[in-house]
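Below is one structure, written out as structure tokens, with a few remarks after it.
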Amino acid sequence: MADERAYFHSLMRGMVVKHYPKQNCAAREIAEFWAGRGLEDSEVDYGGFSRKMRGSREWSINDFLALTSITGSQRVVQAINSRDSENTGAADSVHILAARAAKESGEGIEAALSDQDLAKAYAEADEAVNAWEALRDRLHADIKAAEQRPETNTVQMRGAAS
């Protein structure tokens, strides 16, 4: 989790550096954004903002909302979405889903053939069906994505249902 916080910190710090000549300007605009009015210097927590820029204080969701609203920058949102889709893509690869389906199928067969209670065998079979459905859905999505890219026609469509 520390890496995620460091990544978010660098994105937020980068947004401030890119859009403001000095960090005090950003501190003032964020404070005024939430106050809804102009503020005196004594009402702005410049020291707290400086600690956020150094990394010794965490950025808040309020800071994030204010900065994205004021600057109009979606860089932080895009970077987090990109990072999430990379992580999700790796976790949901066809190979991993196929391995999960095989594992769950084996457990379902073992439960059905053993002297376990019927409810346990049913639950294992249900998990196997869900794993196979997830694999089928991913393969179907990959086929559809390949159809959208005719220049990279590497998917063989033998027996694939559309």
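The values are calculated or read from the model by the stated rules, or taken from the named source; none is laboratory data. Since the model is a prediction, treat every value here as computed from it, not as a measurement. Ligands, DNA and RNA are stripped out before the accessible areas are found, and what is left, the full protein with its side chains, is counted by its heavy atoms. Shrake-Rupley method; radii C 1.70, N 1.55, O 1.52, S 1.80 Å.
From the P(r) of the range 20-89, could you give the percentage of C-alpha pairs in the tail past 21 Å? All intermediate terms of the calculation are to be shown ahead of the outcome.
Details: 777 of 2415 pairs.
Percentage above 21 Å: 32.
With every protein chain left in place, what is the accessible area of residue 8 in Å² (1.4 Å probe, nearest 10)?
For residue 8, the solvent-accessible surface is approximately 50 Å².
Kindly report, to the nearest 10 Å², the accessible surface of residue 109 as traced by a 1.4 Å probe over protein heavy atoms only.
Number for this one is 100 Å².
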